[in-house]
1. Under 9 Å by Cβ, and 6 or more places apart or on different chains, what pairs join a residue from the stretch B:102-114 that is assigned by TED's automatic domain parsing to the domain that holds residue B:32 with one that is surrounded by fewer than 24 Cβ atoms within 10 Å (Cβ to Cβ)?
2. Out of B:242, B:248, B:282, report the one residue that is in contact (Cβ under 8 Å) with a residue 24 or more places away in the chain, in a helix (DSSP H, G or I) and crowded, with 20+ Cβ neighbours inside 10 Å.
3. Is the stretch A:106-118 home to any residue that is away from chain B (no Cβ under 13 Å), more than 16 Å from ligand 2 (Cβ to nearest atom) and not hydrophobic (A, V, I, L, M, F, W, C)?
4. Provide a single number: the residues in the stretch A:1-26 that are surrounded by fewer than 19 Cβ atoms within 10 Å (Cβ to Cβ) and more than 10 Å from every other protein chain (Cβ to nearest Cβ).
5. Which residue out of B:25, B:17 is more than 10 Å from every other protein chain (Cβ to nearest Cβ) and modelled with pLDDT of 95 or more?
6. Here are the criteria: (1) free of Cβ contacts under 8 Å to residues at least 24 places away in the same chain; (2) assigned to a loop (DSSP other than H, G, I, E, B). Tell me which single one residue A:30 does not satisfy.
7. So residue A:132 ticks every box in (1) surrounded by fewer than 24 Cβ atoms within 10 Å (Cβ to Cβ); (2) touching a residue at least 60 places away in the same chain (Cβ under 8 Å); (3) within 16 Å of ligand 2 (Cβ to nearest atom) but one. Which box is left unticked?
8. Just wondering, is there one or more residues in the stretch B:221-233 that are out of contact with any helix residue (DSSP H, G or I) (no Cβ under 7 Å at 6 or more places or on another chain), in a helix (DSSP H, G or I) and more than 17 Å from residue B:91 (Cα to Cα)?
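The values are calculated or read from the model by the stated rules, or taken from the named source; none is laboratory data. All figures in this text were calculated on a predicted structure; none of them were measured in a lab. Don't worry about glycine lacking a Cβ; one is built from the backbone with ideal geometry, like all the others, and counts go over all protein chains shown.
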Amino acid sequence: MAKHHVTTTINGDPAEFLCETQQTLLDCLRDELGLTGSKEGCASGDCGACSVMLDGRLVCACLVLGVEAEGATIETIEGVAQGDELHPLQKHFLEDAALQCGVCTPGFIVAAKALLEHNPDPTETEARYWLAGNLCRCTGYDKIIKAVMNAAAEMRGA
Amino acid sequence: MSEIQFATPQTVKEAVKCLAGAKGKARVLAGGTDLLVQLRAGFVRPGLIVDIKHIPELRKVKREDGGFRIGAAVSGAELGANAAVKKAWPGVVEGLELIGSTQIQGRASLGGNLCNGSPAADSVPALIAAAATCHIAGPKGTREAKVEDIVSGPGKTTLKPGEFVVSFFLPKRPKRSGDAYLRLIPRTEMDIAVVGAGVSLALDSKGVCTEARVALGAVAPKAVLVKAAGKALVGTKVDDAALEAMAAACRDACKPIDDKRGTVAYRTKVAGVLAQRAARIALARATGE
Ligand SMILES: Cc1cc2nc3c(=O)[nH]c(=O)nc-3n(C[C@H](O)[C@H](O)[C@H](O)COP(=O)(O)OP(=O)(O)OC[C@H]3O[C@@H](n4cnc5c(N)ncnc54)[C@H](O)[C@@H]3O)c2cc1C
Ligand code: FES
Ligand code: FES
């Protein structure tokens, strides 16, 4: 069988790629499309470094097949900033020192953005539970949560 | 290595045809949160993957005979957002919503949780306690089965080749009844149950228990319906003595594994404790507290 030809929408733009059935969406984003912002930490759904939005739902791209993207709408970390204008989450991650090595950061930002779209005013506990599927080896989480809470406040205009 | 074929049937009939016509072993794909991990690890090497998420029946939740029909591929995030199901069968929704992280919830389904065959699957004891049934399609037509009859052992089901679960049916919630599911994990999130307990019970107008079903996860090769535990509650006011008798029946039903996450003695004791706590929550829900 020839490779699958997948037509999809990524960060608002039409995109297409070829893949084999067993290739994950994460493999396709990184290796076929050169979108290397989404990271592979574990490839088993445990770390959240590969977090993307698939048809409006937060998912692990390592647990989605590339072929499943046919006709779907995907949003990745590459679509979070508007040109040179960083998203408030990105700004606060920088200002609040919420990253060290940075491998977990794209996943945290995509997941936190989904949280704030779903709940613009989360409690710290809600934010921690929502982000429980995102692991960070470096920061100890407190600075990440602080950045998310500060970004949420800024986005609410508080 | 031969290539893996991929199909996206749009109807149940088409899916049955795909599965029947497969060269090599075919695998159904729902949310993929178990299947992709197994593919990656090389535990499974199917000849064909059939994505069932394009079939409308598998993605719908609707009312039926006073109860609910839930598509087997409906995700935790979708079911969790359904206020009517949550109100009628909070224990079932709790079980499904405990699975994994927000990301996993975006994909994980009841059908996948059941058919993956893990003894620790969180939605399964709640479904069994709820007396849920499955609608199954296969090459010989369709059939209904009780949830407790689907898994036969770790990773194994009684589904025949080419069969798959189309939907689950949650019966009409009787008056003065409630259900609950609890699990014990060593962490607060993202862990596999050391013990899981689902309880569903109904009371008469005097507060006497008329029906009760108790199911345990992670304490035997598959989730078990503990009939004696349910019986211990029927005819009582679900008082402390009845709850202790129920817990004793739960402990008797345990044949757990022994590992660093829980010894046999620990899992057995906790099974009784968790079932009691779940029964208290179900009771409070039944009395509208
Ligand atoms: C990080 C992480 C955390 C997790 N945490 C938990 C947890 O806390 N509790 C828990 O119980 N599980 C947990 N799981 C396991 C998994 O998410 C669940 O079992 C989930 O419900 C599987 O559903 P799915 O739709 O993703 O299944 P899939 O991966 O799509 O399918 C699983 C299996 O069932 C078969 N199958 C799927 N649907 C059907 C159907 N309708 N008919 C017949 N066969 C079918 C597939 O062929 C496959 O063999 C976790 C997994 C990950 C990766
Ligand atoms: S790489 Fe996908 S969750 Fe870790
Ligand atoms: S900053 Fe290194 S893993 Fe989070």
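1. Filtered contacts from the stretch B:102-114: no entries.
2. Being in contact (Cβ under 8 Å) with a residue 24 or more places away in the chain, in a helix (DSSP H, G or I) and crowded, with 20+ Cβ neighbours inside 10 Å holds for just one of B:242, B:248, B:282, which is B:282.
3. Taking every residue of the stretch A:106-118 in turn, none turns out to be away from chain B (no Cβ under 13 Å), more than 16 Å from ligand 2 (Cβ to nearest atom) and not hydrophobic (A, V, I, L, M, F, W, C).
4. Qualifying residue count for the region: 10.
5. Of B:25, B:17, the one residue that is more than 10 Å from every other protein chain (Cβ to nearest Cβ) and modelled with pLDDT of 95 or more is B:17.
6. Among (1) free of Cβ contacts under 8 Å to residues at least 24 places away in the same chain; (2) assigned to a loop (DSSP other than H, G, I, E, B), the lone unmet condition for residue A:30 is (2).
7. Residue A:132 satisfies every listed condition except (2).
8. The answer is yes; a qualifying residue exists.
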